Amino acid sequence: RPETQLLMDARGRKRPRHPAEKQLARLLRIIRPKKLSHEARQNIYSYIKNLVQSVAPGFGAIPFQYGSVPLRTYLPDGDLDVGCCIPAGRMNEWFYLVYQMLQFEAKKTSMFMAQAETSASSLSSTRKFSPTSLEGDAKGMGVASTSTHEKKSEDSKAEEDSKLAGVDKTQPNQVGENRSFAVKTAVFVNAEIPVIKVIVNGVLVDLSANTLGAMAPVRFFDQVNRTIGRRHLFKRSVLVLKAWCTYEARILASHQCLLSTYAIQVMLLHVLTVHCKTIRTPLQALHRFLEVFSTFDWDKYGVSIFGSFVLGKIPIPNLPPPSTKSHQQQSQSEPQPDPQDSSSLENLQAKPSKSSISEKVPEDEEAWGWGMLKPSFRKEIEELRKFADNTHRARPRQHSFISKYLNIQDPLDPTNNLGRSVNRPNSVRICGALKKGYKQLSQALHPL
């Protein structure tokens, strides 16, 4: 095929780079996580962590991160997912207290911004009507005294509001005294997984409870990235694919009955596993992704990391043979992870692999693709599945795989359909976007 001859070389021989690959490399340098953006998100996470632990110290909440931020695959306008481990019987009370505190912080931010605008307008009027020779004196005397008076009144009012909200200003770790974080639009969404959505310094934060199992996919995809190597080929391909789905096709939004980031990553891993011999760059991964799913028959087949499967027949991965002990005996003999133990959270946190950046390309063409199906990697999947089962589950486990319009199997929960949120009109829209994207990309790479 001409596309294969131009874009890829199955034997790994050197070939001239396509101009589109150079443009995509420049795009990756723009949208990839930067040091400043990552530090900003970590500061926001520390702010949310202090807020959660200060608003209800009796809950013993343990915050943690999950999603694309710890995996370093978020876009410039990507959100921050924060979870907390709390007693299951006190979730409603915890959500109420945290929501009230965020509302208080948002109100205080709006008051501060209003006072800042008033101070700016008064400053501009003072400069307008002051003589030029006395402008410096007016700036140093009149405006400074006005700002000092406003600061005192603002501090006294904030102190009264903090007392009403139960925030102790004498404690150094209280978030009420920190004005470097602008909180806006705190909304509680009572969905299948309850979540509080709040905007902090322009970054959307999703705050949930008892979603410790969501850390397993982070560890899973980090291990996938290390197994594939090739200078973080998987993560770079995820960034390119998320950018295309978000800005070009607009099919990435699970809360709008579209695809989720988790589903997109599983679909990409399916393509990388099946076509491991012909994918060496993110552009090749995007092109192959659009080629595969633009003609995929969703009415008959589903998608998993081990390949496609016929609907009605859930694939059973070739994992290590189960133990002869019963489930009850295993639960008694094997130590279970404690969600309240911070050490278990640290073990599950995904740490980026620096060795894979300088990793050499293996001589065996199947070493990085089909290597994900080796017993060692399957054992890692099995351990992550056990962790997700033994921790607090935000979504009750299904007894069977429920088929929908798009069927994508969760690698860590074979009965979970990652495409269950997609309705019929949006499934048609997604398939149409994939066909259009493949046609446009093919024409751009191979103009006739």
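Observations on the model:
- Net length available on complete extension from Gln42 to Asp297 is 87.6 nm, with 0.36 nm assigned per residue and the Cα-Cα distance removed.
- Each of Ser121 and Lys379 was given a label point 7 Å from its Cα along the Cα-to-Cβ line. The distance between the two points is 6.9 nm.
- Here the simple spin-label model places points 7 Å from the Cα toward Cβ, and for Glu192 and Asn50 these points are separated by 3.7 nm.
- Label-to-label distance, nm, for residues given as Leu27 and Met113 (7 Å Cα→Cβ offset): 3.2 nm
- For the stretch 396-443, the share of alpha carbon pairs falling in successive 5 Å distance bins from zero is 4, 22, 20, 16, 14, 13, 6, 3, 1, 0 percent.
- Taking 0.36 nm per residue of separation and subtracting the current Cα-Cα distance, fully stretching the chain between Lys35 and Arg424 would add 136.0 nm.
- Sorted largest first by accessible area at a 1.4 angstrom probe radius, with every protein chain in place, the residues Met215, Met111 fall in the order Met111, Met215.
- Using the alpha carbons alone, the radius of gyration of the stretch 192-315 stands to its Kirkwood radius in an Rg to Rh ratio of 0.98.
The values are calculated or read from the model by the stated rules, or taken from the named source; none is laboratory data. None of the values given here were measured: they were computed from a predicted structure. A quick note on method: Cβ atoms are made from the backbone with ideal geometry, for glycine too, and the neighbour counts reach across all protein chains shown. These area figures cover heavy atoms from the full protein model, side chains too; ligands, DNA and RNA do not enter into them. Shrake-Rupley method; radii C 1.70, N 1.55, O 1.52, S 1.80 Å.
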